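To keep things clear, I will list the structure first and then write my remarks on it.
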Amino acid sequence: QVQLVESGGGLVQAGGSLRLSCAASGSIFSINFMGWYRQAPGKQRELVATITNGGRTNYADSVKGRFTVSRDNAKNTLDLQMSSLKPEDTAVYYCNGIQGIREFWGQGTQVTVSS
């Protein structure tokens with residue numbers, strides 16, 4: 001069982017940047033899909049960005065050009081570099097991993113963007 005722990009959230013002004021990190025308790029080499037999701041108050045959890053084991057990425061339209069997802073299989077980490085942040089990016093951000101039929105979630109980290 002892989003455990004995922006996010007860090008790096010916080011309060012930032014609009015236009016600022018934050019970097020989220022997700023540390024895995026075990027090897028992520030065999031986790032084909034990893035990604036970031038977010039959930040704002042009163043809204044459903046939504047996909048932010050994903051990355052395959054081979055490095056192929058996918059982004060929600062709302063974050064394209066502003067966010068960059070990356071993974072380091074050697075360090076068992078997944079990162080999300082967020083730039084040009086907007087108030088609508090405010091949410092709890094979750095790290096996710098899919099390994100075959102198993103799915104893993106972190107506990108989430110709060111990102112608040114003030115206007």
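The values are calculated or read from the model by the stated rules, or taken from the named source; none is laboratory data. Predicted model, so just to flag it, every value in this text is computed and none were measured. Glycine also receives a Cβ, built like all others from the backbone with ideal geometry; neighbour counts cover every protein chain displayed. Protein only, heavy atoms only, side chains kept; ligands, DNA and RNA dropped before computing areas. Shrake-Rupley method; radii C 1.70, N 1.55, O 1.52, S 1.80 Å.
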Compute the separation of the alpha-carbon centres of segment 10-31 and segment 46-73 and state it in Å as a whole number. 11 Å
Accessible surface of the chain, 1.4 Å probe, proportion on carbon and sulfur as whole %: 49 percent
Got the relative contact order for segment 18-115 handy, in percent, Cα pairs under 8 Å and 6 or more residues apart? 32 percent
The answer for the chain, accessible area per residue at 1.4 Å probe in Å², is 52 Å²
Quick one: dipole size for segment 1-104, taken about the Cα centre, charges +1 on Lys/Arg Cβ and -1 on Asp/Glu Cβ, in debye to the nearest 20. 80 debye
